[in-house]
Amino acid sequence: MPFEFRLPDIGEGIVEGEIIAWHVKEGDVLEEDQPIVEIMTDKATIVIPSPKSGKVLKRFGKEGAVIKVGAVMVVIDAEDGSAEIPPKPPAAVAQEPEPQRAEPPPAPPPTALADRAAPPSAPVARADEKDRQALATPATRKLARELGVDISQVPPTGSQGRVTKEDVQRFAQGEARVASTLRQATPAAPPPAAEERIPFRGLRRKIAEKMSLSKSAIPHFTFVDEVDMTELVALREKAKPLARERGVKLTYLAFIAKALVPAFRKYPLLNSTLDSEAQEIVLKHYYNLGIAVDTDDGLVVTVVKNVEAKSVLQVAGEIVELSEKARARKLALDDVQGGTFTISSVGNLGGVFGTPIINHPEVAILGVNTIEERPVVRGGVVTIRSMMYLSISLDHRVVDGAVGARFIGEVKRYLENPELLFLDMV
């Protein structure tokens, strides 16, 4: 009997998601728990597994389309003959929106794909669709993109016709040999197009929606102060061998996260949200710090929970673990939920300082910038110190400038005197 599988309730008030990639096509035979589709929500990208074994009779929604919770995603000819959810008439299915119809005609590939070895005159939109139809994990797709391999051309050897990483690597090596043989006889490639159009969807579109909401709903202002990190630089150097023994990469972010906790306790408005509907400020007496992570797909905010109850090494380990999961697209919904305050670090990119945008509905965000040696005056003498700018953007409806300045002053006090952190360490 046909079984209609609908987008389940993901929780956290999420009502819809965007189809990022189908892992099955009509006619495929599924096993129970086999991944069938990647869905991006406001919180994370999640993989939806099949609840049943059977043949895919129909799937609904193109990649890039937005699907509502409860809408039919696929119809499966279930092997167990179950019909727990009776089939619906086509009209119910036809309500599923497919926004891509309103988008421009087939567009050139994203920038990340532009480096592929494929000829630039290829029909890009069709190539992307073929790539999506190949059965492979996101990591394998990423490897294919990195190697310039059209994954739809790769003969699969994995289970259920799945393309494996080894398949991609073998195919890439074969292509390289062919390219080497033909290189001398191949005419020069045409120059790249003067313009290209990139589909505005997926994580990029979610980031745009989130940032637009933050800037339109929150009256921002940014305060910047300079911090002498010399003592903390020395402490970190001493602690790095111990961290390595425990398998932890000790970053400055872990110290900064811990320095925020006593400052929050002194200035609790900084760790709150504004409930406009109830006309209430919600103070959070727990400290779940969002860490903005730069990924190939765009900015993702992971959440280290209950920082107040963890050591510097524990926080450092979680930051690295979550960052790696974000870049590998392996985050669970819980990894990005429940944040109360966000840290955005651009220290490894240089520059002087930035003005970060608040992660709605939080009321503040901290920008961490480059640590560099600069001449400063201490006791009337010019000396070289390790200096860093901290920039904090604040919701002026909740936090006044004086409070924000005092808060940063408190954080600065802990960072310039890192031994104070041990007084609050559990």
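The values are calculated or read from the model by the stated rules, or taken from the named source; none is laboratory data. What you see is a predicted model; the values in this text were computed from it and never measured. No Cβ is skipped: glycine too gets one built from the backbone with ideal geometry, and neighbour counts run over all protein chains shown. Protein only, heavy atoms only, side chains kept; ligands, DNA and RNA dropped before computing areas. Shrake-Rupley method; radii C 1.70, N 1.55, O 1.52, S 1.80 Å.
What the table below lists for this structure:
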quantity	calculated
Residue among L7, L30 that alone is more than 16 Å from D77 (Cα to Cα), more than 20 Å from the chain's Cα centre (by Cα) and modelled with pLDDT of 85 or more	L7
Members of region 42-80 found to be free of Cβ contacts under 8 Å to residues at least 60 places away in the same chain, open to solvent by less than 20 Å² (accessible area, probe 1.4 Å) and closer than 26 Å to T295 by Cβ, listed by number	I48, G61, A65
Search result, residues across region 363-402 that are within 24 Å of G339 (Cα to Cα) and outside any strand (DSSP E or B)	V363, N369, H396, R397, V398, V399, D400, G401
Scan of region 327-338 for residues that are open to solvent by 30 Å² or more (accessible area, probe 1.4 Å) and farther than 23 Å from A243 by Cα, ordered by number	A328, R329, K330, A332, D334, G338
First in region 278-294 and touching a residue at least 40 places away in the same chain (Cβ under 8 Å), second anywhere and acidic (D, E), Cβ under 7 Å, 6 or more apart	Y287/E308
F407 vs. criteria buried (at least 22 other Cβ atoms within 10 Å of the Cβ), of a type in the set (F, W, Y), touching a Phe, Trp or Tyr at 6+ places or on another chain (Cβ under 9 Å) and under 30 Å from I20 (Cα atoms)	no
Candidates V377, V398, V368 - the one that is without any contact (Cβ under 8 Å) to a residue 24 or more places away in the chain and either farther than 20 Å from A234 by Cβ or open to solvent by less than 80 Å² (accessible area, probe 1.4 Å) (or both)	V377
Listing of strands (runs of 3 or more DSSP E) fully contained in region 261-326 that carry 1 or more residues being surrounded by fewer than 17 Cβ atoms within 10 Å (Cβ to Cβ) and of a type in the set (S, T, Y)	289-295
V47 assigned to a strand (DSSP E or B) and at pLDDT below 85	yes
Per-region count, region 190-249, residues closer than 30 Å to V398 by Cβ, assigned to a helix (DSSP H, G or I) and open to solvent by less than 50 Å² (accessible area, probe 1.4 Å)	8
Condition met for L421 (of a type outside the set (G, A, S) and part of a strand (DSSP E or B))	no
Where a residue in region 213-224 is closer than 11 Å to G404 by Cβ and its partner, wherever it lies, is in a strand (DSSP E or B) and open to solvent by 50 Å² or more (accessible area, probe 1.4 Å), with Cβ under 6 Å and at least six apart	V224/Y389
K258 surrounded by 18 or more Cβ atoms within 10 Å (Cβ to Cβ), within 29 Å of the chain's Cα centre (by Cα) and touching a residue at least 12 places away in the same chain (Cβ under 8 Å)	yes
Candidates A176, A134, filtered to the one that is within 27 Å of V24 (Cβ to Cβ), surrounded by 12 or more Cβ atoms within 10 Å (Cβ to Cβ), aliphatic (A, V, I, L, M) and modelled with pLDDT under 80	A134
Output for region 338-388, where each listed residue is in contact with a Lys or Arg (Cβ under 6 Å, 6 or more places away or on another chain) and more than 23 Å from T222 (Cα to Cα)	V376
Test: residue in region 339-347 that is farther than 16 Å from S391 by Cα, part of a loop (DSSP other than H, G, I, E, B) and open to solvent by less than 50 Å² (accessible area, probe 1.4 Å)	yes
